[in-house]
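The values are calculated or read from the model by the stated rules, or taken from the named source; none is laboratory data. It should be emphasised that the depicted structure is a prediction, and the values quoted were computed from it without experimental measurement. For neighbour counting, all protein chains shown are included, and Cβ atoms are generated from backbone atoms with ideal geometry for every residue, glycine included.
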Amino acid sequence: MKAGPAIREERLHDRLARFARIGATARGGVNRQALTEGDREARALLAELGRTRGFAPRQDAAANLFLRREGRDPSLPPLMLGSHLDTQPTGGRFDGALGVLAALEVLEALEDAGVETPRAVELACWTNEEGSRFAPGAMGSQAFAAGALAPEWLEARSPDGARLADELDGTLRALPGVPIARLGTPLAAYLELHIEQGPVLERENIPVGVVTGIQGTVWLEVVIEGRAAHAGTTPLAFRRDPMVAAGAILHTLHEGIMPGDDDARFTVGRIDAYPGSVNAIPERVTFSVDLRHPDAETLGELERRVRAVCRREAERAGCALTLRPLVHMPPVAFPAAMVELVEAGARRAGLASRRLVSGAFHDALYLASRAPAAMIFCPCRDGVSHNEAEDVEPRFVAAGATALLEAATGFLRSSAPAAA
Ligand SMILES: [Zn+2]
């Protein structure tokens with residue numbers, strides 16, 4: 001009997017180790033930020049590994065890199081598997097790289113087993129997912145989904161002074177002979193394996209997370225303006241203190257939002273008092289609000305509540321209030337059929353799974369606007385990510401790649417054109 005396609009754990013581990021050496025940091029992490037020399041080296045290695053197995057490399061104007069394993073009917077849109085190879089400045093070895101190298105492993109497993117698929121299977125390596133060197137993050141997948149790079153992105157400068165348009169150009173030139181296709185080629189579906197970046201799967205010892213969607217995010221900037229005055233000489237009745245309002249708002253919202261709803265996230269990560277003097281009542285307090293929820297309606301309700309509490313407490317303190325919306329990203333729910341496909345694949349492979357919502361953005365969020373998409377999460381040690389200590393147990397790496405392979409073959413079977 002001919003064996004079906006199977007993940008070769010050792011090959012995948014060697015690959016992860018090899019890519020982790022590109023941009024390796026002294027503390028065991030990786031610094032391979034988007035469009036740097038390290039990123040170019042990693043892309044070149046990926047293209048070379050693909051060529052060796054006959055998977056044709058291709059790039060686009062956003063420097064997304066693809067490897068294609070041809071199918072029986074080249075005219076059908078491919079199944080795409082992907083993630084990213086760029087990292088945070090003090091990033092880990094698995095965030096992004098796991099999804100790209102597991103996708104390569106799936107292509108190789110199909111090749112090893114000599115499987116002819118009804119349509120092509122493509123690996124996608126998305127540019128600048130992290131957004132640490134150029135904003136916004138998930139730039140490559142956003143450009144792919146939109147079919148164009150936003151003109152204002154091209155002029156963006158990195159903290160090291162580089163211009164995005166120049167860095168894209170240099171990165172594309174670093175792969176001579178790899179054709180540049182138009183942005184946003186058609187695809188049948190998209191699957192992405194990624195580390196969870198949270199503690200749930202490890203805590204429950206479940207190897208496969210079936211991601212049902214990505215929660216929505218609202219960012220607000222809250223500015224409360226009162227009157228600066230002397231800390232020692234101004235009695236209570238004469239104060240219009242924005243810090244009093246800010247304190248009351250933070251207390252009310254911390255007590256009111258998360259304790260009543262396990263899916264809600266409320267964070268104030270930045271606060272600033274002006275002029276910031278020990279012995280002056282501040283004239284102005286500015287703080288950020290990061291609000292998240294997987295349900296669009298509830299997220300809207302939470303935002304209204306935040307706004308109402310801010311208005312009430314600013315008024316009570318005799319201060320003026322300005323609320324500026326900074327980010328508004330509605331939640332995305334992956335199609336039920338894709339979620340079930342991932343679940344069924346894990347079941348066939350004998351891997352325990354559970355459903356969960358992603359707390360972070362991913363490239364899959366943008367691909368979901370172009371094709372049915374789904375994500376698989378892999379447990380990571382202590383839920384630690386965006387950190388040089390990021391780690392994944394070998395058994396979970398193998399399980400994640402196997403779940404990706406099963407989901408991919410499941411999709412290829414279910415989407416195959418009926419036999420003539
Ligand atoms: Zn990532």
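Reported count of residues in segment 13-38, each being within 16 Å of Leu49 (Cβ to Cβ) and either charged (D, E, K, R) or not assigned by TED's automatic domain parsing to the domain that holds Leu101 (or both), is 4.
Taking segment 5-123 and the helices (runs of 4 or more DSSP H) fully enclosed by it, the elements with 3 or more residues that are basic (Lys, Arg) are at 9-20, 37-52.
Whenever a residue of segment 250-270 is of a type in the set (Asp, Glu), its partners that are surrounded by 12 or more Cβ atoms within 10 Å (Cβ to Cβ), lying with C-beta atoms within less than 8 angstrom and at least six residues away or across chains, give the pairs Asp261/His293; Asp261/Thr298; Asp263/Gln215; Asp263/His293; Asp263/Pro294; Asp263/Asp295; Asp263/Thr298; Asp263/Val357. Residues in segment 281-326 that are acidic (Asp, Glu), exposed (fewer than 15 other Cβ atoms within 10 Å of the Cβ) and over 29 Å from Arg239 (Cβ atoms): Glu297, Glu301. Within segment 365-373, is there a residue that is touching a Leu at 6+ places or on another chain (Cβ under 7 Å), away from the ligand (no atom under 16 Å from the Cβ) and within 21 Å of Ser83 (Cβ to Cβ)? So far as segment 365-373 goes, yes, one or more of its residues are touching a Leu at 6+ places or on another chain (Cβ under 7 Å), away from the ligand (no atom under 16 Å from the Cβ) and within 21 Å of Ser83 (Cβ to Cβ). Screening Met329, Met375 for residues that are in contact with a His (Cβ under 9 Å, 6 or more places away or on another chain), under 26 Å from Ala296 (Cβ atoms) and surrounded by 15 or more Cβ atoms within 10 Å (Cβ to Cβ) leaves exactly one candidate, Met375.
Within segment 341-355, can one find any residue that is among the β-branched types (Val, Ile, Thr), closer than 27 Å to Leu65 by Cα and either away from the ligand (no atom under 13 Å from the Cβ) or part of a loop (DSSP other than H, G, I, E, B) (or both)? Checked against the condition, which is being among the β-branched types (Val, Ile, Thr), closer than 27 Å to Leu65 by Cα and either away from the ligand (no atom under 13 Å from the Cβ) or part of a loop (DSSP other than H, G, I, E, B) (or both), segment 341-355 yields at least one hit.
In segment 332-353, of all residues being under 19 Å from Leu201 (Cα atoms) and of a type in the set (A, V, I, L, M), the one that is surrounded by the most Cβ atoms within 10 Å (Cβ to Cβ) corresponds to Val342. Within segment 32-70, being closer than 20 Å to Met80 by Cβ and among the β-branched types (Val, Ile, Thr) holds for no residue. For Gly99, state whether it is more than 25 Å from Gly161 (Cβ to Cβ) and without any contact (Cβ under 8 Å) to a residue 60 or more places away in the chain. Criteria not met by Gly99. If you go through segment 375-388 and keep only what is modelled with pLDDT of 95 or more and under 13 Å from the mean Cα position of the chain (by Cα), you end up with Met375, Ile376, Phe377. Annotation: Arg53 fulfils all but one of (1) within 18 Å of Arg119 (Cα to Cα); (2) touching a Pro at 6+ places or on another chain (Cβ under 9 Å); the unmet one is (2).
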